Every structure is written in structure tokens, then in C-alpha cells.
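J.: Quick one: structure below, then a few questions.
The values are calculated or read from the model by the stated rules, or taken from the named source; none is laboratory data. The structure presented is a predicted model; accordingly, all values stated were derived computationally and were not measured. Here the Cβ positions follow ideal geometry from the backbone for every residue, glycine too, while neighbour counts run over all protein chains shown. Areas reflect the complete protein model, heavy atoms only, side chains present, ligands, DNA and RNA absent. Shrake-Rupley method; radii C 1.70, N 1.55, O 1.52, S 1.80 Å.
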Amino acid sequence: QNEEKWDFVLVSDIHEMGSDKEIKRKKFLDELSKKGFTIKKIEDTKLFYGVRAPQHIFWKYQCLQGKADSRQQNSSTHNNVAETTRIRIVNFILQNTVTPDLEKLHDLMKKKVFEAAFPLHKKEEIREILKDKWARWGVIFKEQPIKEIRHYFGEKVALYFTWLGWYTYLLVFAAVAGLVTVVAGTTVFSSSQVSKEICDANTTFMCPLCDQNCSFWVLSDTCTYAKVTHMIDNEATVAFAMFMAVWATVFLELWKRERATVVTNWNLHMWDEDEEELALQLINNLQHEPRQYQHSYFRSTIIFILALLLVVVLIGIAHMLVIYRAVAMALFTQSDISLLSKHANTMAVMTGAVLHYITIIIMTKVNRRMALFLCNLEKPRTLSQQENSFAVKIFIFQFFTNFSSLIYIAFFLGRINGHPGHYVRIAGHWRLEECHPSGCITDLFIQMAVIMLLKQTISNIMEYLIPFTSHQLRKKRKRPKERSLMLGEEEEAEDPCKRHWLNNYELNEVNMFSLFNEYLEMAIQYSFTTIFVAAFPLAPLLALFNNVIEIHMDAIKMMRLHRRMVPRKAKDIGIWLQVLEAIGILAVIGNGLVIAITSDFIPVQVYKYMYSPCVRENRTGMDCSTGYINNSLSVFRIQDFEPHTKVLPEFQGHQIKECRYRDYRSADNYTYTVQFWHIFAARLAFLILFEHVALCVKLIAAWYIPDIPQRVKNAILCDKHKSLRNELSTMEYVTEV
């Protein structure tokens, strides 16, 4: 039984005898043999080489880790090496074995000498436990078997699932709060004075939404829209935004505690990555010299400039989407199809959101290439440094890809488009789109909802379908029929390893970025859940549903559809913690800006306390926001329209001389009124106040919750004390003898 335990399998095409590839392959396998590796060859449509490392390699590793006595090399110690450690060491040696031509496995795979190298999914008890308790849909609400995940996939994967489980668990509280906010919006605030005024305003004629063939329209037409807007734009949202700022901090602080507990249980708190890497390098080659740390200001400057250029391109793409929406709005409004012309604004927003989603998919591929290129330019020293460098770059690029269009809608839409008689135009022709009369926040709501729903449903379906389909296709590729008539074929067909290796080979390949992609997806989702959550309180709920499915989908992919990942050690989630902390700070700024600038919360408050009937006539019995809508609309004289604007002055039998538009401008010379500056000052004051309060609360929460629980600190203290006492006892015993 022990004879058939293989650590790794190398796969190669069948090359001609004496060909360049065949010689290179032989040289590589000879190098492994020199190191004492056992190699077994099986021939099928491809050549399979089973590789088993000699025991002395693991004994050396254990000595360097201080877990074995270097004076006696007995045969029992190597049996204690965990399967994950074994695979990790063998993988390192395979990747760092150099042929006489100075080529490594990586170079040989590029030259198609070898096609694949992977550890095997073994038929062991732990795998059956994982398949039963984790990698199926029936256990969707059960706790994850983290201990087993760690023993099968290593600490890095186990930490990812620990973090994802923790994040999903804490999302429950955010989702409930978001749901309460929406329910409050639909019940408590549904009969709001503002939306009631919009629904009753059937004699308020609004200025046309386009230049050609657009008629005037009545404000009460937007009654439904106003009700939807007020469902998300009310006092409850402000409280919810504040809650989410605190939630983001508490989540990360509690995660730090959870991580400390988990890592101490795994006895990894003292583990050092550099030391591990040096140990493996020396086991592989005793003459190895460590690679020095390097830093070049020139190289950093080049990387910074190139990264900045890509960010500018991404912002440019957001501008293109703005132009598309302005042109689409003009074309839809003039369309002969009544459905299009009637809902031109909504159609432009919806198609814009779909287009945005398509650009996200395309740019993701570009961003990945660019980030990889910049990462190689930087020349990081270790694998984890490379991962960290890559993670920061790709996250920044993906952030701008996903959010630049949302940032425009939230903070620029309807604020830079001028006013009737003096519109800002694209190429002097198309008017920039305006906010809806009942506020810009609904545009942001639609955009967020479309992107989040599309992103989660389509991405999840593709994430599962692509590996599933490619696995089925690889299975169906014709295998050679067993020609059992020919001599010697029978024994080979019966080789127990052959079927097992073939099954593993047919699974989808994994690489160092397989887990990385999952982290990136979650970081972007976390951004959606926190940054503009004031405009879309249902984001945490959608994220929660997504994550419950995501955990088990990832599990099924790893266990049933993908080859076994090379296990890696880790004692934290790496650079992702800093990324999440940065998102937490952006969330405070983002939500503060959404409430101060995008929503109508501030203008309504200013009106209530400075311009409403309550202030003027000292009435206490009435709603103080009475008259707000009329107050927030400015008057425009039709004779002042630009020459090329064609508008019919006749509307529903009324001869119209004036129309209304959303702004605070005087009716005489269209300059800003005093009220505009009052609101501007109030927005600024609120923003500063909200951000300072939220950041203070975040700091207090961070201080209040210790990063490492006391029992973990005490456990580490006792361990140190025990080891020092044992050392002293041994010393005293030796001196006595």
C-alpha cells in the first residue's frame, strides 16, 4: 500500500525519441533521480510520471523546524509529516530543480516539455468527510469543517474559508439593518409630504427634457418614482449609513480576534515565512545563496506612472458611458416607439448599467494583464510579496472599473449640466442628462441594483458552469481503447494508479491565482456592500445570499471539479486586511458624500428650519416640509430658450409662458439664490460632521475591541514559560551528570 503513495504527477505529451523536448524531459527527470526521487512512468494518450520524494528530505525539514532530533535519523519520524507539508515541500523542490541547461519546471512547461504538474486528490477518509460535510448543497446552513479543510488544503485555503464564513455570519446583522431601513422607508415614511406634493402637482409644468420635439410635462407624472425615491431617501438611511460605518470596523476588529484564536490553535503564531522559504531552498540545494531585498525608486516611479495611466483610461471609459447615456436619452426621447419615448430616462439608465457591466467584464481581463506586467516589473522577492503587490494593483484597477460610473452618478450627475437656456452640451450638440425631479439617489439605486444582481448571478453561474463544462469535455476526449490483445497491454491497463491519475488529470487545472480570484471577488463585493450602501440598503442582503451560495460553490469546485491545490502555509489573510480597512474608510467618505450631496436629506432639512411655513408663521400643527417641492423648483421664461430649441408652447390646452426646473436660481437673471448657498454650506457642514463622528466611532470601536483575545495571549505566555523551564531543567540535568 505504501509503495503506491505518490506525491506529485507530471504529465507530458509523447515526444519523438531524440527530439529536443524528449531530451529536456529526460534531463529534468534525471535531476530528480539524483536527488533520490522515485519516478514511475505510465503511458496512455499522454505520459504520466508519478514522483515520490525520499524520506531524508522530510527528516531534514523536521530538523530545521526543530521538531526532530538531528542526531538520529530513524524511519518513524518522517511518518509524522502531514500530507499538506509533504506536498508543499515536493512542489517547492520540483519548481526549483534546475536542469544542466539552467531551466526550471516553469520554463519547461512554457516550452511544452511538460503539460501539467499536480498533487493528487487521494481516496482518504478526510476527503470523504469534506465531500459529505462541506462540498454539497445539502449542508448549506451547517458550520464548515475548518479543521478538515486545513488538513486537506493547507492553512491558506482554511483561512480564506474561515474569513468568508465570519464575513457571511456578520453580514446577517447588516442585512437585517438594511431590510429594516427599507421597510421603514415603505411604511413610516411612505406618506411623506414631499412625495404627496409631487403626486398632487398636476398644474406644475416642467421644462422639456430634450431640445427637439419634446413637450412640457407635468410634475405629477413622476409620482411613482417619487415614492420609490422617498423609500430610500429618508431619515432612516442616515442612521443606517452611520451603522454600516461602525459595522465595517467592528467586523474587521472581530475578525482580527477570530484570526488570532484560529492561528494560535494551529500553532502558527510563531511561524515565519522567510525562515520557511530559506529552509526549503537549503534542503533543495545546500549551496543556495538567499536573494536579497531590493528597492529601486526609478522602477517604483515607472510603475506608479503606468498604473496612473491605466486609472485615467478607466475614468475615460466612465466618461464614455456618460456620453452614451446623454446620446441614448436624446435618441430614446425622439423615438417613435411610445414605450421608449415615455420611459427614456429609465431606459437610458438601464442600458447604461448593462453596458457598464460589459465594460467591467472586458476591463477585468485588461487589468489582470496590466497588474501582472507591473508586478513582474517590480521583481518581488518572495511568492507572498508577489501576491501582495499584485493584489493591491489589481484591486485599485478593479475598483475604478466598478465604481467610476457610480461615482459620476452619485456626485456629478445633474450638477454640471447647466440650466434651461444655457445647457452644457457634448460636442455642442447633446445635452448632458439631468437628475430625476425627485432626486438623483434613485439613479444610483438602479445602477447599484443592476450591477450587483448581474454581477452576482451571472458571475456565479459562469464560475460554476465553466469548470463543470470543461471537466465534462475533458472526460469525453477519446481515450485509447484498451488493446488487450497486444502483449503487455493487459498488465498496464490494470495498473491501479493509471485510472486514478487519469481522473485527476481530467479535472480543471488550478494555479496560484485560483484562491486570489476568490479574495478579489469578495473585496469588490465588500466595497459594494459598504461604500454606497446609503443609496442601496439592500446590498448587504444580496451579499449575504451570494456568500451562502459562494462558500459551497467554491467547496464543490475545489473538491469535485478542480485538481488539488498545492497547500500553502499562512497565518493571516495577507494584504487583504489592509485592503478591507481602506474600504472601511472609503465607506465613511462615500456614505457621507451620498447623504450630503446625492440625497435630498440636507435641502429638506434646510427648508424645514429656515424657509418653511413653520418658521415664517410659527405654526406647530403642520408638517414643516409643506411647500418644499414648489420651493425647490426654479422658474424659467420660455422666451429665453436657446434658438435651436423647438418647443410647442401649447400643452394640454394651456398656453405656457413659464416652466419649472430643479435648481435654486432667481427668475430674473438665473443666478444662484441665497438659498442655494445656504444648502451648499449645510451640505459641507454635514459632510464634515458625519465623517468626523463616524471616524471617531470607528477609532473608539477599534480601541475598545482588542485584536488578540486575552486567553490567546495567556496560552502563548504559558507556552513560552513551559519551553524555557524545560530548557533550564535539561541544562541543570546535564551539568549534574
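J.: Relative contact order of segment 395-466, please, whole-number percent, based on alpha carbon pairs below 8 angstrom and at least 6 residues apart.
T.: Reported as a whole number, the value is 26 percent.
J.: How far, in nm, would the chain grow between R415 and D668 when pulled straight, counting 0.36 nm per residue and subtracting the alpha carbon separation?
T.: Extra length from R415 to D668 when fully extended: 89.0 nm.
J.: For the chain, take the longest principal axis of its alpha carbons; what is the angle in degrees between that and the long axis of helix 55-64, to the nearest 10 within 0 to 90?
T.: 60
J.: Here's something else I'd like to know. Apply 1/(1 + (r/R0)^6) to the Cβ-Cβ distance of V218 and F676, taking R0 = 25 Å, and write down the FRET efficiency to the nearest 0.05.
T.: 0.50
J.: Using each residue's phi in segment 275-284, evaluate 6.51 cos²θ - 1.76 cosθ + 1.60 at θ = phi - 60° and report the 3J(HN,Hα) Karplus result to the nearest Hz, with x for Gly and Pro.
T.: Coupling constants for segment 275-284: 5, 4, 5, 4, 4, 5, 4, 6, 5, 5 Hz.
J.: Count the DSSP beta bridges whose two residues both fall in the chain, then state the antiparallel fraction as a percent rounded to the nearest 5.
T.: 95
J.: Where does the chain land at 222 nm, in deg cm²/dmol rounded to the nearest 500, when only DSSP H runs of n ≥ 4 count, each adding -39500 (n - 2.57), divided by all residues?
T.: -20000 deg cm²/dmol
J.: Between E235 and Q334, what length comes free when the chain is fully extended (0.36 nm per residue of separation minus the Cα-Cα distance, one decimal in nm)?
T.: Fully extending the segment from E235 to Q334 adds 31.8 nm.
J.: Among L268, Y167, H151, flag the residue with its Cα farthest along the positive direction of the charge dipole of the chain, charges on Cβ as +1 for Lys/Arg and -1 for Asp/Glu.
T.: The residue sitting farthest along the positive end of the dipole is H151.
J.: Helix 576-593 versus the longest principal axis of the chain: what angle, 0 to 90°, nearest 10, using Cα atoms?
T.: Taking Cα atoms only, the helix is inclined about 0 degrees.
J.: Among S389, A682, N631, whose Cα projects farthest towards the positive end of the dipole of the chain, with charges put on the beta-carbon of Lys, Arg (+1) and Asp, Glu (-1)?
T.: S389
J.: Placing +1 at every Lys and Arg Cβ and -1 at every Asp and Glu Cβ, with all other atoms neutral, what dipole size does the chain have around its Cα centre, in debye to the nearest 20?
T.: About 900 debye.
J.: Ok, one more. In square nanometres, what is the average projected area of the Cα convex hull of segment 177-280?
T.: It is 13.9 nm².
J.: Then there's this: Residue by residue through segment 123-137, what is 3J(HN,Hα) from phi via Karplus (6.51 cos²θ - 1.76 cosθ + 1.60, θ = phi - 60°)? Round to whole Hz and write x for glycine and proline.
T.: After applying 6.51 cos²θ - 1.76 cosθ + 1.60, I find 7, 10, 4, 4, 5, 5, 4, 5, 5, 7, 9, 9, 8, 7, 6 Hz.
J.: If you don't mind, another one. Give the accessible surface of the chain per residue, rounded to a whole number of Å², with probe radius 1.4 Å and ligands, DNA and RNA excluded.
T.: Per residue, the chain has 50 Å² of solvent-accessible surface.
J.: Pairs of Cα atoms under 8 Å, at least six residues apart: use those to get the relative contact order of segment 332-479, whole percent.
T.: 22
J.: Want the number for L372 to V172: 0.36 nm per residue separation, take away the alpha-carbon distance, what's left?
T.: Length gained, L372 through V172: 68.4 nm.
J.: At 7 Å along Cα-to-Cβ for each site, give me the label-to-label distance between T730 and E273 in nm.
T.: Label-label distance for T730 and E273, simple model: 3.0 nm.
J.: Compute the separation of the alpha-carbon centres of segment 545-584 and segment 631-662 and state it in Å as a whole number.
T.: Rounded to whole Å, the Cα centres lie 57 Å apart.
J.: Whole angstrom only: what separates the Cα centroid of segment 336-382 from the Cα centroid of segment 155-213?
T.: One Cα centre to the other: 23 Å.
J.: Calculated FRET efficiency, T45 and N714, Cβ-Cβ r, R0 60 Å, to nearest 0.05?
T.: Plugging the Cβ-Cβ distance into 1/(1 + (r/R0)^6) gives 0.55.
J.: Which percent of the accessible heavy-atom area of the chain goes to carbon and sulfur, probe 1.4 angstrom?
T.: 61
J.: Moving to a separate point now. Counting Lys +1, Arg +1, Asp -1, Glu -1, what net charge surrounds D668 among other residues with beta carbon under 12 Å of its beta carbon?
T.: Combined, the nearby Lys, Arg, Asp and Glu give +1.
J.: Moving on. Treat each spin label as a single point 7 Å out from the Cα along the C-beta direction, and report the L306 to A449 distance in nm.
T.: The two pseudo-label positions are separated by 4.2 nm.
J.: Can you list residues whose amide H is under 5 Å from F8's amide H, if they're 5+ apart or on another chain and H is modeled 1.01 Å from N?
T.: V51
J.: Rank I317, A371, L10 by how far each Cα sits towards the positive end of the charge dipole of the chain (+1 on Lys, Arg Cβ; -1 on Asp, Glu Cβ) and give me just the farthest.
T.: L10
J.: While we're looking at this one, here's another question. If r is the Cβ-Cβ distance from Q65 to I362 and R0 is 51 Å, what FRET efficiency results, to the nearest 0.05?
T.: E(calc), rounded to 0.05, equals 0.65.
J.: Quick check: net charge around F390, other residues with Cβ under 11 Å of its Cβ, Lys/Arg +1 and Asp/Glu -1?
T.: Here the charged neighbours net out to 0.
J.: Show the residues, 5+ positions off or on another chain, whose built amide H is closer than 5 Å to the amide H of A201.
T.: Those qualifying (amide H under 5 Å, at least 5 residues apart or on another chain) are S220.
J.: Counting pairs of alpha carbon atoms under 8 Å apart in space and at least six apart in sequence, what relative contact order in percent does the chain give?
T.: The normalised contact order for the chain reaches 21 percent.
J.: What is the diffusion coefficient of the chain in µm²/s, taking the Kirkwood radius over Cα pairs and the Stokes-Einstein relation at 25 °C with a viscosity of 0.890 mPa s?
T.: Using the Kirkwood radius from Cα pairs, D works out to 81 µm²/s.
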